[in-house]
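**Q** Attaching a single structure in structure tokens format; questions to follow.
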Amino acid sequence: MVKEILLTVKKQLRSKMAGDVIWTFVGQVLVLLAAFALNKVLSVRLDVDTFGEYNLIKRSVTVISFVMLAGTGIALPRYLAIYIGQNNLARAKAFVRAAILFVITATVVVCVVAISFKSKLYPLVTGRDDIALYIIAFAYSAVLTASTIVYVYFRGKNDFKRFSFSNVLIQLLLPVSALIIPGINPFNIFFLWTIITAAITIFFALGETIRGGLGCKEKVSKSDVKAGYKTVAKYALPRLWGDFFLFAFQAFPLVFISQNFDYKSVSYYSVGITIITLGTAFYSFLGYVLLPYVSKCLANGKINDAVRKVNIFTIIYVLSALALMAVFYFLTGFMIKLLFTDEYLAAEHITQIMILAILPQALYLLYRNPVDAISVFPFNTIILGVAFGGLVGAFYMVNTIEGLAWGYVAVSWLQGVLSCGVWNVLKKKIH
């Protein structure tokens with residue numbers, strides 16, 4: 001059994017998928033390093049309370065951005081990979097245009113809601129009544145949405161070099177800008193990042209247009225775009241709530257803590273989230289490759305190959321996550337000093353509790369992409385909805401930061417177990 005697994009792994013290392021994984025892995029490592037350099041710079045340049053406010057806005061922006069994306073971040077790479085695998089470039093081209101129109105529609109709706117209910121959304125988005133900060137938060141969300149469309153387009157096209165490079169370039173500039181910006185505060189930070197992200201997104205979008213995009217010279221009719229719009233709406237809309245739940249899973253705790261505790265507690269909880277992100281980042285990168293890969297296998301009738309790969313990665317994920325949890329647990333204090341400052345050592349205990357969530361979150365990150373590739377039914381949305389509901393319930397049942405940390409861990413395990421169960425049921429059906 002072990003010999004068979006080793007031979008299979010050796011064979012896969014020589015495949016195109018292995019090259020895509022390597023490019024994505026290198027890119028995600030650089031993104032991860034940039035993210036923690038950014039945390040280090042901001043934890044030094046901002047006081048603990050302001051750093052908590054920054055983290056609240058950052059998480060809110062992420063949620064808003066994915067609502068604007070409206071599930072297209074999954075739909076575009078899936079269908080683009082399928083149509084390219086079928087050599088139907090005209091349909092792929094129409095689908096890209098339809099996806100962009102769909103995102104524009106969703107963004108306009110979000111902006112209308114933001115204007116109409118700004119008085120109620122202030123405490124959720126920025127934590128205080130500040131119209132300028134509120135506007136820049138939504139502006140940055142819209143720019144992030146546009147950059148994500150560019151990322152997932154490259155992902156669906158199987159162009160993982162440009163996918164990684166475009167992402168890395170933006171992420172590397174964020175800590176540099178945070179280091180040199182004068183009069184640093186949340187507004188100045190997000191204003192500068194809006195300009196940087198917009199400029200780089202436009203650069204890559206124009207570059208792809210000049211290069212000929214998908215290489216299809218055939219004109220796309222309005223009926224093809226309309227059909228693509230219906231397809232993306234049917235697939236993406238049920239997953240809109242999934243995207244919302246996924247990022248609300250991290251944003252809600254910070255909003256809840258800011259309303260029921262203080263910004264210092266937000267900062268301490270953010271330390272735990274940051275360490276979890278460090279641990280799970282090495283597992284999320286494979287998903288970038290798995291969604292288009294499994295989608296292409298589905299289109300070409302080779303789904304058994306995809307199932308075999310996922311089974312192998314399951315063993316690797318479980319063993320490595322257990323080892324990583326042990327290392328992180330015993331080095332928590334050192335990591336906090338390295339990534340933040342000594343002021344944040346008060347967060348060591350709750351961070352050690354939250355580290356127990358690495359394994360179930362790793363499994364969720366592994367299974368969510370093949371599940372979305374195989375099934376049009378939004379299983380991940382249901383899983384995330386159940387998990388988010390459990391998180392909200394757990395938070396209202398406790399009144400300490402330590403209790404919130406345990407609630408986060410319990411719900412993470414629920415999420416991982418449900419994902420594993422859904423994948424095992426689906427793979428039996430498609431065999």
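The values are calculated or read from the model by the stated rules, or taken from the named source; none is laboratory data. What you are looking at is a predicted structure, and each value in this text was computed from that prediction instead of being measured. Note: ideal-geometry Cβ built from the backbone for every residue, glycine included; neighbour counts use all protein chains shown. Calculation scope for accessible area: heavy atoms of the full protein, side chains included, ligands and nucleic acids excluded. Shrake-Rupley method; radii C 1.70, N 1.55, O 1.52, S 1.80 Å.
**Q** In segment 253-280, what count of residues is obtained for those that are open to solvent by 40 Å² or more (accessible area, probe 1.4 Å) and out of contact with any Gly (no Cβ under 9 Å at 6 or more places or on another chain)?
**A** 3
**Q** For residues that are open to solvent by less than 10 Å² (accessible area, probe 1.4 Å) and under 21 Å from Y122 (Cα atoms), tally how many sit in segment 218-248.
**A** Of the residues in that region, 1 qualify.
**Q** Residues of segment 330-344 being under 16 Å from I276 (Cα atoms) and in a helix (DSSP H, G or I), which ones?
**A** F330, T332, G333, F334, M335, I336, K337, L338, L339, Y344
**Q** Return a yes/no flag: does segment 129-142 have any residue that is over 20 Å from L56 (Cβ atoms), out of contact with any Gly (no Cβ under 9 Å at 6 or more places or on another chain) and either among the small types (G, A, S) or open to solvent by 30 Å² or more (accessible area, probe 1.4 Å) (or both).
**A** There is no residue in segment 129-142 that is over 20 Å from L56 (Cβ atoms), out of contact with any Gly (no Cβ under 9 Å at 6 or more places or on another chain) and either among the small types (G, A, S) or open to solvent by 30 Å² or more (accessible area, probe 1.4 Å) (or both).
**Q** A follow-up question, please. A198 passes all but one of (1) touching a Leu at 6+ places or on another chain (Cβ under 9 Å); (2) modelled with pLDDT of 90 or more; which number fails?
**A** A198 satisfies every listed condition except (1).
**Q** Then there is this: For segment 168-191, give me the residue count where each residue is part of a helix (DSSP H, G or I), open to solvent by 20 Å² or more (accessible area, probe 1.4 Å) and of a type in the set (S, T, N, Q).
**A** Adding up the residues that qualify gives 2.
**Q** Just to be sure, is L121 outside any loop (DSSP other than H, G, I, E, B) and open to solvent by 60 Å² or more (accessible area, probe 1.4 Å)?
**A** Answer is no for this residue.
**Q** Does F165 qualify as being aromatic (F, W, Y), at pLDDT 90 or above, open to solvent by 20 Å² or more (accessible area, probe 1.4 Å) and part of a helix (DSSP H, G or I)?
**A** no
**Q** Mind listing whichever residues of segment 38-97 are assigned to a loop (DSSP other than H, G, I, E, B) and either in contact with a strand residue (DSSP E or B) (Cβ under 7 Å, 6 or more places away or on another chain) or among the small types (G, A, S) (or both)?
**A** A70, G71
**Q** Out of L331, L418, L365, L414, which single residue is at pLDDT below 90 and either surrounded by 14 or more Cβ atoms within 10 Å (Cβ to Cβ) or under 27 Å from S43 (Cα atoms) (or both)?
**A** Unique residue meeting the criteria: L365.
**Q** Please find, among A137, A114, A132, the residue that is touching a residue at least 12 places away in the same chain (Cβ under 8 Å) and farther than 19 Å from L69 by Cα.
**A** None of the other options fit; the residue is A132.
**Q** I want to confirm something. Restricting to segment 400-411 and keeping residues that are surrounded by fewer than 18 Cβ atoms within 10 Å (Cβ to Cβ) and without any contact (Cβ under 8 Å) to a residue 24 or more places away in the chain, which single residue is nearest to I312 (Cα to Cα)?
**A** In this case the residue turns out to be A410.
**Q** As an exercise: evaluate I100 against (1) touching a helix residue (DSSP H, G or I) at 6+ places or on another chain (Cβ under 9 Å); (2) open to solvent by 30 Å² or more (accessible area, probe 1.4 Å); (3) over 29 Å from R368 (Cβ atoms); (4) not basic (K, R) and give the number of the one condition it does not meet.
**A** Unmet condition: (3).
**Q** For S119, are the conditions met, namely being over 13 Å from V67 (Cβ atoms), among the polar types (S, T, N, Q) and modelled with pLDDT under 90?
**A** yes
**Q** Go through segment 200-226 and count every residue that is more than 30 Å from L174 (Cα to Cα), in a helix (DSSP H, G or I) and not basic (K, R).
**A** Of the residues in that region, 3 qualify.
**Q** Taking V327 as the residue in question, decide whether it is of a type outside the set (S, T, N, Q), assigned to a helix (DSSP H, G or I) and within 22 Å of the chain's Cα centre (by Cα).
**A** The answer is no for V327.
**Q** Oh, and also: Just give me the residues in segment 201-217 being modelled with pLDDT under 85 and either surrounded by fewer than 12 Cβ atoms within 10 Å (Cβ to Cβ) or among the aliphatic types (A, V, I, L, M) (or both), in sequence order.
**A** T209, I210, R211, G212, L214, G215, K217
**Q** For the subset of segment 34-69 comprising residues that are at pLDDT below 85 and aliphatic (A, V, I, L, M), which member is surrounded by the most Cβ atoms within 10 Å (Cβ to Cβ)?
**A** Checking each candidate, the answer is L56.
**Q** Can you tell me which condition V112 does not meet? The list is (1) touching a helix residue (DSSP H, G or I) at 6+ places or on another chain (Cβ under 7 Å); (2) assigned to a helix (DSSP H, G or I), and all the others hold.
**A** (1)
**Q** Something else now. Could you grab the pairs with beta carbons closer than 7 Å, sequence gap of 6+ or different chains, first residue in segment 50-69 and within 13 Å of T148 (Cα to Cα) and of a type in the set (S, T, Y), second one part of a helix (DSSP H, G or I) and modelled with pLDDT under 85?
**A** Pairs found: T62/F247; T62/A251.
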